[in-house]
Amino acid sequence: MAGWLYGVGTFAARHAKAVLGAWLAVLVLAGGAFAAFAGTLTGSFDIPDTASSEVIAELEEELPDQSGATGTVVLRSEDGSFTDEQIAAVADLGADIEEQDDVAAVVDPFVTQGELEGQAAELETGATDLETGQAELDAGAAELEEGQALLDEGRAALDQEQASLDEAREQAEAAGAPTEEIEAGQAEIDAGRAELDAEQERIDEGRAELESGQAELDAGRTELELGTELLQHAEGIGVVSDDASTARLTVSFTEPMLELDDASREAVVDVVEAAEIEGVEIVPASDLSMTVPEVLGVGEVIGVVIAAIVLVVVLASALAAAFPIVTAITGVGIGSLTTLAFSGVIQMSSVTPVFGVMLGLAVGIDYALFLINRHRTQLLEGTEVRRSIALATGTAGTAVVFAGSTVVLALLALNVVGIPFLGVMGTAGAVSIVVAVLLAVTATPALLSLAGTRMLGRKGRERREAALAAAADTAAGASPASTTPGQEPARPMSTGSAIARVLVGVVALLVVAIPALDMRLGLPTGENEPQESDAYRAHQIVSEEFGEGANGPLLVTADLPGDLDETELLQAQLEVVREIADQEAVVAVAPIAVSEDGTLASFQVLPEEDPNGESTADLVHDLRSLPPVNGEYELGVAGQSAINIDISEGLSDALPVYLAVVVGLSFLIMVTVFRSILVPLVATAGFVLSLFATYGVATAVFQWGWLAELIGVHSTGPILSFLPVIVVGVLFGLAMDYQLFLTTGMREAYVHGASARVAVAEGFRAGRRVVTAAALIMIAVFAGFISSDSVMIKSFGVGLAVGVLFDAFVVRMLIVPATLHLLGRSAWWLPRWLDKVVPNVDVEGAALVEQQPAPAGGGSTGGRHAAGEPVHEEQPTSSGSGRHTR
């Protein structure tokens, strides 16, 4: 690798203009691809195979009208109530929205409110009608009872007459008297009895009619009671506020939220923003108008300016300091444009290109710095310009390629966690890193070649001339004069100091990490949007007028038998509603729809808090853990809140897996590079410490609200759900950079004969300057993103800036050197069998350095760290294995 990069550096130095022209052409091509193929970015995030996605799939099949995404437009009257003209204008707005692509329907709040009021009025009328009907039935029953009583009296009178007639017949028959009169009397009695029987039949018919009427009345009363109770449970779910000053117009789309084309949502927003209703404030909510963060802003520019100042201080030349800035900005342009060119065919979140910019700027500057610093040191020693460029590319460039490769691997590993949008983010970041590495080993040598010795500055050129003059004097036989003050031998720290450093560093990081124990994950809502944004304004209005939960109601489904009649269906819905309403943090529940075959019912549930509230998350879990209602109605939970919770929990579950992959990868890489077991263990433990301390700071700021106002965070809540995973990937790569540029110097000193503790001191002295500069640049660039209006970008900026601060200055420059000092020779122990298996990786091109002749200035280019600073005087070593010999 070192030899090949030496050739690359030589080619770039000899053909500098052609190399730079090629990169300019690549930038133009990337811009052309962006212009031709770029699509829109999305504010939605998706994780496949979640509980919510299963419910949405069921809705698409059974209740397609309920499966689509929804958006809200908030309307507030400036006069306190809506006039008829304003209500008509709102209806016109709804009609305009309904004409847009992918819009299924628009729910007019005033029509809906009228329907709700009509339903309530119908229930009241129904109750009155039931009372009237019951009174009429009761009156009819009384009349029937009175008729029955008269009938019974008539029947009793006939019975008496019959008894008298029977007695007269017996007497007449006994006396042999004629019975014609008696028979005539019998005929009258029989006729009377027939009349009574006919009347009884009429009474029985009337009674049957009354019973039927009573049954209908009872059924109506049951339905009325069920409907009344359902309506009572739905109180609180409204589209017009109690004071009639605010209304919510709901837009239903044909596609689910995660499949909806952003262009369709934007078309609706355009219609809303173009609408003008006199005296009415019209605000699209966050489900329509989430803010897309800027790729570059003022804060980012300030971060680059601070990085430039650090570069000027380190390189002592404004010209040399400009080169890393130029290559980094070029790399960001190529990486961002290339990434965005794929946004037309790949669903890409709005933070993906910003993430690429963050990484591209930071590592682009750092990687160029490592190479330029090495070249500068060699020039000061008198090395010829082009040979120095080639040598710097072969040595520091090799380290840059290795460091960049570790970051790329960590970012690409985001694809293994099974979360598509996270994989896209990781891939976009990896593209930015690859471009930064390629620019560092090609464009940077080309720029250095064009600059020649001018990149040293006036004082640097004077030092170089002095070195060359001393070399000429030496060649002429004169005694060489020292051109630079000699470095005193490195002195190792005391054991007590090492123990104190380890304790202070570890305890400090553990204390800072304490808030991470309370870390909750979530996704931004309208409350987290910039205060001047429509999304934030809409969120606040809805919270004030309809309650926090109205910003993210839940959609609950219930599986039904499918063979229920109307009353049984109402009863089943009520049983489900009662079960849901009994849960904590539920404000209201309302049935929405039932599938045509009666097998699926949907309900809207209004929670107490917004989608990021703890009680909302608990409610989702409680509903999903309920046994089937009435032993047969299985519940499912969806809606924006549930989807956000599923995504956050999916990312939370992926974090340990990804962390294990990264930590395992970290350990294996460092065993190969440092040929040690304990050094990788110490480095990995330090990485984990800095990682959890970073989580602690993020939790304290964004969740607890500590110093939140200082960085413009106006609303606290859960940590951005994918921040922990992203921080793992990025910090791992950067931690490997710092570990490499510090610890390889220690190992080099050790294998060249220094004692273990002296080697730690010499390696630390060799690398601290450039690592400090690189870390400060990273912190400045990442911190620049804290000024973003987007809370997602702020959290990235805080997390990565603090992470670099902890890892570079506390772990790599405090804990690791002190721990290696305490470990002594055992730090470099490697089992013999493993020593034979592990390849000997030369990540700094040491073999290439040893093959080079001494520079004109008489300094040795051997035994140097990638930073370009001498480690110590070399001593005989064994070749290849890296084992310590004296």
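A few remarks follow.
- Residue 151 vs. criteria in a helix (DSSP H, G or I), open to solvent by less than 30 Å² (accessible area, probe 1.4 Å) and at pLDDT below 85: no
- Residue match in the stretch 583-595 (condition: open to solvent by 50 Å² or more (accessible area, probe 1.4 Å), assigned to a loop (DSSP other than H, G, I, E, B) and touching a helix residue (DSSP H, G or I) at 6+ places or on another chain (Cβ under 9 Å)): yes
- Members of the stretch 596-613 found to be within 20 Å of residue 287 (Cβ to Cβ), modelled with pLDDT of 90 or more and open to solvent by less than 40 Å² (accessible area, probe 1.4 Å), listed by number: 602, 603, 605, 606, 607
- Residues within the stretch 202-238 that are in a helix (DSSP H, G or I), open to solvent by 40 Å² or more (accessible area, probe 1.4 Å) and more than 15 Å from residue 138 (Cα to Cα), tallied: 13
- Any pair with Cβ under 7 angstrom, 6 or more apart, that starts in the stretch 70-95 at a residue that is assigned to a helix (DSSP H, G or I) and ends at one that is of a type in the set (S, T, N, Q) and open to solvent by 30 Å² or more (accessible area, probe 1.4 Å): none
- Any chance residue 710 is more than 15 Å from residue 502 (Cβ to Cβ), assigned to a helix (DSSP H, G or I) and either touching a helix residue (DSSP H, G or I) at 6+ places or on another chain (Cβ under 7 Å) or not basic (Lys, Arg) (or both): yes
- Inter-residue pairs, beta-carbon under 8 Å, first without any contact (Cβ under 8 Å) to a residue 60 or more places away in the chain and in the stretch 448-460, second open to solvent by 10 Å² or more (accessible area, probe 1.4 Å) and not aliphatic (A, V, I, L, M), 6+ apart: none
- Figure legend. Inter-residue proximity from the stretch 673-696: first residues open to solvent by less than 10 Å² (accessible area, probe 1.4 Å), second residues of a type in the set (D, E, K, R) and modelled with pLDDT under 90, beta-carbon distance below 7 Å, spacing 6+ or different chains. Indicated pairs: 674/747.
- Helices (runs of 4 or more DSSP H) within the stretch 742-823 that include 3 or more residues at pLDDT below 90 and within 35 Å of the chain's Cα centre (by Cα): 756-784, 791-804
- Residue pairs whose Cβ atoms lie under 6 Å apart, sitting 6 or more positions apart in sequence or on different chains, and linking a residue in the stretch 642-658 that is farther than 16 Å from residue 728 by Cβ to a partner that is β-branched (Val, Ile, Thr) and open to solvent by 10 Å² or more (accessible area, probe 1.4 Å), are 646/50; 647/47.
- The C-beta contact set for the stretch 819-838 (first residue among the charged types (D, E, K, R), second residue open to solvent by less than 70 Å² (accessible area, probe 1.4 Å) and assigned to a helix (DSSP H, G or I), distance under 8 angstrom, 6+ apart or interchain) comprises 825/756.
- Considering only residues in the stretch 795-837 that are open to solvent by 10 Å² or more (accessible area, probe 1.4 Å) and of a type in the set (Lys, Arg), the one that is nearest to residue 773 (Cα to Cα) turns out to be 825.
- Only listed residue being farther than 30 Å from residue 568 by Cα, free of Cβ contacts under 8 Å to residues at least 12 places away in the same chain and either open to solvent by 60 Å² or more (accessible area, probe 1.4 Å) or over 60 Å from the mean Cα position of the chain (by Cα) (or both), chosen from 131, 199, 170: 170
- Within the stretch 556-570, residues that are within 29 Å of residue 52 (Cβ to Cβ) have Cβ atoms under 6 Å from residues that are in a loop (DSSP other than H, G, I, E, B) and charged (D, E, K, R) in these pairs: 559/634; 562/597, counting only partners at least 6 apart in sequence or on another chain.
- Verdict on residue 177 being more than 30 Å from residue 90 (Cα to Cα), among the aliphatic types (A, V, I, L, M), in a helix (DSSP H, G or I) and out of contact with any strand residue (DSSP E or B) (no Cβ under 8 Å at 6 or more places or on another chain): no
- Taken together, 308, 328, 320, 362 contain a single residue that is without any contact (Cβ under 8 Å) to a residue 60 or more places away in the chain, at negative phi and not aromatic (Phe, Trp, Tyr), which is 308.
- Residue tally, condition under 17 Å from residue 386 (Cβ atoms) and assigned to a helix (DSSP H, G or I), over the stretch 5-30: 15
- Which numbered condition residue 715 fails, given (1) touching a residue at least 60 places away in the same chain (Cβ under 8 Å); (2) in a helix (DSSP H, G or I); (3) hydroxyl-bearing (Ser, Thr, Tyr): (2)
- Filter result for the condition that a residue is more than 27 Å from residue 490 (Cβ to Cβ) and not small (Gly, Ala, Ser), over 751, 770, 810, 802: 802
- If you check 394, 360, 382, 364 for being surrounded by 24 or more Cβ atoms within 10 Å (Cβ to Cβ) and touching a Lys or Arg at 6+ places or on another chain (Cβ under 7 Å), only one passes: 382.
- Here residue 252 meets the list (1) open to solvent by less than 50 Å² (accessible area, probe 1.4 Å); (2) within 30 Å of residue 531 (Cβ to Cβ); (3) modelled with pLDDT under 85 almost entirely, failing just condition (3).
- Residue that is over 22 Å from the mean Cα position of the chain (by Cα), crowded, with 21+ Cβ neighbours inside 10 Å, under 29 Å from residue 352 (Cβ atoms) and modelled with pLDDT of 80 or more, where the choices are 73, 55: 73
- Index of the failed condition, residue 262 passing every other in (1) open to solvent by 30 Å² or more (accessible area, probe 1.4 Å); (2) among the acidic types (Asp, Glu); (3) within 30 Å of residue 77 (Cα to Cα): (1)
- Remark: residue 634 falls outside the filter, which requires a residue to be within 18 Å of residue 553 (Cβ to Cβ), out of contact with any His (no Cβ under 6 Å at 6 or more places or on another chain) and open to solvent by 30 Å² or more (accessible area, probe 1.4 Å).
- Here the condition is being at pLDDT 80 or above, open to solvent by less than 80 Å² (accessible area, probe 1.4 Å) and out of contact with any His (no Cβ under 8 Å at 6 or more places or on another chain); of 468, 456, it holds for 456 alone.
- Checked against the criteria, residue 668 counts as surrounded by fewer than 17 Cβ atoms within 10 Å (Cβ to Cβ), without any contact (Cβ under 8 Å) to a residue 60 or more places away in the chain and not hydroxyl-bearing (Ser, Thr, Tyr).
- Filtered residue count, the stretch 293-345, keeping only those that are open to solvent by 60 Å² or more (accessible area, probe 1.4 Å) and of a type in the set (Gly, Ala, Ser): 1
Conditions (1) farther than 16 Å from residue 74 by Cα; (2) open to solvent by 20 Å² or more (accessible area, probe 1.4 Å), marked per residue:
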{"position": "509", "(1), (2)": "yes, no"}
{"position": "512", "(1), (2)": "yes, yes"}
{"position": "515", "(1), (2)": "yes, no"}
{"position": "521", "(1), (2)": "yes, yes"}
{"position": "527", "(1), (2)": "no, yes"}
{"position": "532", "(1), (2)": "no, yes"}
{"position": "536", "(1), (2)": "no, yes"}
{"position": "544", "(1), (2)": "no, yes"}
{"position": "550", "(1), (2)": "no, no"}
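The values are calculated or read from the model by the stated rules, or taken from the named source; none is laboratory data. What you are looking at is a predicted structure, and each value in this text was computed from that prediction instead of being measured. Cβ sites come from the backbone with ideal geometry, for glycine too, and all protein chains shown count toward neighbours. The area values use the complete protein model at the heavy-atom level, side chains included, leaving out ligands, DNA and RNA. Shrake-Rupley method; radii C 1.70, N 1.55, O 1.52, S 1.80 Å.
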